[in-house]
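Working notes for the structure below.
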Amino acid sequence: MPLRTRVFLEESGVETLPHPPYSPDLVLCDFFLFPIIKEKIKCTEEATAAYKVAISYLSDQDYQKYFNSWFRRIELCIENEGEYFEKM
C-alpha cells in the first residue's frame with residue numbers, strides 16, 4: 001500500500017486488514033476461464049489459429065481506441081507518481 005495511503009488511514013483511525021495485493025488463487029480467469037480454454041485448445045497450432053481468428057475481428061479503430069486508453073493509463077500512472085488509481 002502506498003505510504004501516503006497508509007499515513008492517511010492511520011491518521012483517520014481506519015483499521016486495515018492484511019491481504020495479498022495479488023493472489024492467483026482468487027483470480028477468476030485462473031480457476032474459471034483458463035481451464036476451459038486449455039481444455040478446448042490442445043496444441044500451439046490450435047492456439048495460434050484461435051488467436052488469429054480473434055484478432056481478425058478487431059478494426060483499426062479498435063486498435064486506436066486501445067492504444068489511446070493505454071497511453072492515458074500511462075499518463076495517469078505518471079501523474080500519480082506510480083500510485084494506484086481507479087479503473088478508468
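Phi angles of the range 50-62 translate, via the Karplus equation with coefficients 6.51, -1.76, 1.60 and θ = phi - 60°, into HN-Hα couplings of 5, 4, 4, 5, 4, 6, 5, 7, 7, 8, 4, 5, 4 Hz per residue; Gly and Pro are given as x.
Proximity of backbone amide H atoms, modeled 1.01 Å from N, is registered between GLU83 and no other residue at under 5 Å, excluding neighbours fewer than 5 places apart on the same chain. For the range 70-77, backbone phi angles converted through the Karplus equation (6.51, -1.76, 1.60; θ = phi - 60°) give residue-by-residue couplings of 5, 4, 5, 5, 4, 4, 4, 4 Hz, Gly and Pro being listed as x.
Computed from the coordinates by the stated procedures, all read-outs in this text should not be read as laboratory data. Nothing here was measured: the structure is a model prediction, and the numbers come from that model.
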